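The values are calculated or read from the model by the stated rules, or taken from the named source; none is laboratory data. Every value quoted in this text rests on a predicted model; they were computed, and no experiment measured them. Every residue, glycine as well, gets a Cβ built from its backbone with ideal geometry; the counts of neighbours run over all protein chains shown.
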Amino acid sequence: MKRLLRPDCPVRCMFVAALCIALLTGALLRLALSLESGVSLASLAASLPLGALSDLAVGILMLTPLALVLALLPASWLDRPRFRNTLLGLISTAIVFEAFVEYFFFEEFNARFNNIAVDYVLFPGEVVGNVFESYNVPLWTGLALAGGVLGAFLVAPLHREAHALKRRWRERLAVLAPLGLASAAAFGVLFVLPREARANRIESEILASGPVQLVRAFWTAELDYPLYYRTLPTESARARAAKFLGFPPRPGTELAGPAEGLTLTRRIEPVAGVRRAQQVVVVLEESLGSEFVPSLGGEKPWATELDRRMSDGLTVRNLIANGNRTVRGIEGVIASFVPLPGDSIVKRNRSEGVATVASVFAAHGFRTAWFYGGYGVFDHMKPFALGAGYQEFVEQSDMPEGAFKTIWGVADEFIFDKLLERQLECRTKDEPLFATLLSVSNHKPYAVPAGRVPWPEGKKPGRELAVRYADWCIGHYLDRLAETGLAADTLVLVVGDHGARVYGAEEIPTESYRIPAVFFGVDERFKGARIERLCSQVDLAPTLIALAGLSIEAPFFGENLIGLPDDGGRAFVHHNRDVGILTDRGLAVLQLQQQFALYTRPGRDSQVFTRIDNADAPRWLLEQVDDAAAVFGTAYELYQSRRLGLPAGVGASSEALTPR
C-alpha cells in the first residue's frame with residue numbers, strides 16, 4: 001500500500017488530475033451561470049466553497065469507475081505518457097462538454113438538470129434532433145475538445161512522472177481501497193449538503209451540482225407522496241380539501257369514507273341562456289406566456305393577432321399554468337387535475353379512465369379527436385389521450401407529405417388544416433365534435449415556413465419569429481372558421497400550455513407561469529369581457545363545459561369561473577419537486593422532507609414576492625400550507641385508488657345528460 005500510494009502511482013495521479021479539471025470547470029461554470037442570471041459576484045464568492053465541496057464529491061464518485069479500469073489495465077499501458085495524455089484529454093473534453101450542456105440548459109430553464117432533463121433523456125430522438133437544429137453542435141464540441149486538451153496540458157505535471165508498478169492482482173486491487181473510502185465519504189457529503197442552500201432559488205440552483213440534480217429528479221419521478229410531503233390526518237385532509245375546492249357537502253359529492261369508496265365530484269351546469277355548441281375546440285399553444293400579449297402587460301408584444309381578437313372573446317387575465325412542461329398543461333386543462341410532485345399523470349401508469357373534458361363531451365355524444373404535429377409517443381401523450389376519452393389521435397404520420405417540419409413535428413398551420421378538415425367533415429355528417437390541438441412551432445429551433453410573417457432578411461430566427469408565426473396561425477384558423485361558417489356553432493378555447501421560460505427567484509417562480517386564455521364563439525354577453533380572478537388551468541375545463549351548454553357530474557378540481565368574484569382566487573403550481581398554492585396574498589410551497597416555504601405579496605396584480613420565515617408567518621399563510629397539504633394529499637389518494645373517473649352511468653343515456 002505504501003508503494004501504491006506514492007506520488008508516482010499512475011492511478012492516483014490520473015485520478016487527481018481529472019479531479020482538478022472537474023473542479024476548475026465547475027468553478028468557471030458557476031461564474032458563467034452567475035453572469036447569465038445576474039447573481040452578484042459577492043454571492044457567488046460566498047457560495048464557491050460549498051459548491052467546490054459538492055463538485056469534489058461528485059467528481060470522486062464519477063471518476064472512481066475510471067480508477068477501477070486503470071487499475072485493471074495492463075501495467076505497460078499506464079507506463080506510456082501518450083496513452084495517459086490521450087485518456088486524460090478525452091476525460092477533460094467530456095467534463096467541459098457536460099459544462100456546456102449545463103450552461104445551455106440553465107439558459108433555457110433557469111435551473112440545473114431537473115425533471116425536464118429526465119424527460120429529455122427518456123426521449124432522445126426529439127431531443128438530439130432539437131439540439132442539432134438549435135445549436136451549433138460542431139462548434140461547441142470543438143470548443144469542448146480544445147478546452148479538454150488545454151485542461152489536460154495544464155494538469156500534465158501531476159502525472160508526467162508517474163510510472164506503472166509491476167504489481168500482482170492483489171496489489172492492483174489494493175489501490176482501490178482508499179478510493180472506496182473516498183467514495184463513501186463523497187456519498188456522505190452529498191447526503192448532508194442542504195438541498196436548498198439559499199433562500200433565493202436561482203442562487204441555490206447555481207450552487208447545486210447538475211449530475212446530482214439529475215439523479216434526484218429521476219429518483220423522485222413517482223414519489224410516495226405521504227412519505228415525503230407534509231400531510232394531515234386522512235379525514236381532516238378530505239374535509240379540508242372539499243371545503244377549499246368548493247365541493248358541495250351533500251351525499252355522493254363530499255370526500256368521506258375509506259379510499260375504496262372515496263368520491264370527489266362537482267356538478268357543472270350550463271351558463272344560463274347559452275345554447276349548446278355543436279363543435280368545441282381546445283387549442284393548447286406551446287410556450288405561450290402572457291409576456292407576449294400586449295393587453296396582458298406583455299413586455300414582448302408579439303402575439304398581436306390573439307391580442308386584437310380579444311374583443312371577440314372572453315379573456316382570462318390572471319391565469320397561472322400548472323407548471324413549466326406541456327404535460328402539466330395537459331393534466332391541468334384537459335383533466336382539471338392538480339400537479340403532483342414528480343411525473344404528471346399523463347406519464348403515470350394509473351391514468352386510464354381518468355375523467356377529462358374529452359370524456360365529458362364523449363358522454364354527450366360528441367366525436368373526440370386530438371391533433372398533434374409530432375409523434376404521440378413523446379411524453380406518453382397518445383396512450384394517455386386514447387385512454388382518457390379521445391377516440392382518435394392525429395399525429396405527424398397523418399400529416400401531408402412535404403409539410404414543413406422540425407424535429408418536434410410539422411408546422412402549426414398544417415395541424416390547423418387537419419383540424420379544420422375534420423370539423424368540415426363532422427358538419428357534413430351533422431356530428432358534434434370535441435377536438436384538442438397541441439401546437440409545436442413555438443419551440444427551439446424556432447424554424448417556421450417562410451413568408452407567413454414579416455421578418456428582416458438575414459436576421460437569425462429566434463423566439464420572436466416563432467411566437468409571431470404561432471400567433472399568425474391562430475388568427476388564420478379563426479378567420480377560416482368564419483369563412484366556412486363554422487364559427488357560428490364552434491366554441492374555441494386558446495390557452496398556453498405553459499410560459500416560454502422559467503425566471504424568478506421563488507421556489508416556484510409563478511411570475512413566469514402567467515399564460516393567456518381566451519374563449520371564442522361565446523354568447524354575445526361575454527364578448528370583450530374579462531375574468532380578473534386569479535385562477536388555475538384546472539378551472540378551464542369546468543368553464544368550457546358550462547359555456548358549451550352542457551351539464552355533468554365530474555371529478556374535476558377546478559371550478560366554473562363564470563360569475564365568481566374577482567377576489568379570492570387560487571392557483572395550483574408545480575416546479576421540479578415542489579408543489580404549492582398561490583393566492584392573491586401569498587404563495588405556500590410544499591417541499592421534500594415535509595418542509596415548506598412561504599412568500600407574501602401585496603396583491604393579485606403584484607409579482608413581488610417576499611420570503612417569510614416559517615416561525616414568523618402570519619396565521620392565514622400557515623392555513624394556506626394546510627390547505628395545500630390537504631388538496632395535494634387527497635389528490636394523490638384519489639389518483640392512486642383510481643377514483644378519478646366519471647361517475648358510473650354517465651354517458652349511458654345522452655338524453656339524460658342534456659342541459660336542464
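Do we have any residue at all in segment 445-462 that's closer than 18 Å to residue 370 by Cβ, in contact with a Ser or Thr (Cβ under 7 Å, 6 or more places away or on another chain) and in a loop (DSSP other than H, G, I, E, B)? No, segment 445-462 contains no residue that is closer than 18 Å to residue 370 by Cβ, in contact with a Ser or Thr (Cβ under 7 Å, 6 or more places away or on another chain) and in a loop (DSSP other than H, G, I, E, B).
Take residue 418 and tell me if it is surrounded by fewer than 24 Cβ atoms within 10 Å (Cβ to Cβ) and either within 24 Å of residue 356 (Cα to Cα) or among the polar types (S, T, N, Q) (or both). It is true that residue 418 is surrounded by fewer than 24 Cβ atoms within 10 Å (Cβ to Cβ) and either within 24 Å of residue 356 (Cα to Cα) or among the polar types (S, T, N, Q) (or both). Scanning segment 230-249 for residues that are closer than 14 Å to residue 570 by Cβ and either assigned to a helix (DSSP H, G or I) or not assigned by TED's automatic domain parsing to the domain that holds residue 596 (or both) yields 240, 241, 243, 244, 245.
Looking at this structure, is residue 541 buried (at least 24 other Cβ atoms within 10 Å of the Cβ) and assigned to a strand (DSSP E or B)? No: the conditions fail for residue 541.
Within segment 371-408, the set of residues being assigned to a loop (DSSP other than H, G, I, E, B), in contact with an Asp or Glu (Cβ under 9 Å, 6 or more places away or on another chain) and among the aromatic types (Phe, Trp, Tyr) comprises 375, 404, 408.
All but one of (1) in a loop (DSSP other than H, G, I, E, B); (2) out of contact with any helix residue (DSSP H, G or I) (no Cβ under 7 Å at 6 or more places or on another chain) hold for residue 478; which doesn't? The single condition residue 478 does not satisfy is (1). Evaluated against (1) of a type outside the set (Val, Ile, Thr); (2) under 25 Å from residue 264 (Cα atoms); (3) in contact (Cβ under 8 Å) with a residue 40 or more places away in the chain, residue 595 falls short on exactly one condition, (2). Return a yes/no flag: does segment 343-363 have any residue that is without any contact (Cβ under 8 Å) to a residue 24 or more places away in the chain, of a type outside the set (Gly, Ala, Ser) and either in a loop (DSSP other than H, G, I, E, B) or out of contact with any Asp or Glu (no Cβ under 8 Å at 6 or more places or on another chain) (or both). Within segment 343-363, one or more residues are without any contact (Cβ under 8 Å) to a residue 24 or more places away in the chain, of a type outside the set (Gly, Ala, Ser) and either in a loop (DSSP other than H, G, I, E, B) or out of contact with any Asp or Glu (no Cβ under 8 Å at 6 or more places or on another chain) (or both). A Cβ distance below 6 Å, combined with a sequence gap of six or more or placement on separate chains, defines the contacts here; from segment 62-75, residues that are over 14 Å from residue 16 (Cβ atoms) reach residues that are buried (at least 16 other Cβ atoms within 10 Å of the Cβ) and at pLDDT below 70 in the pairs 71/11; 71/172; 71/175; 71/176; 75/164.
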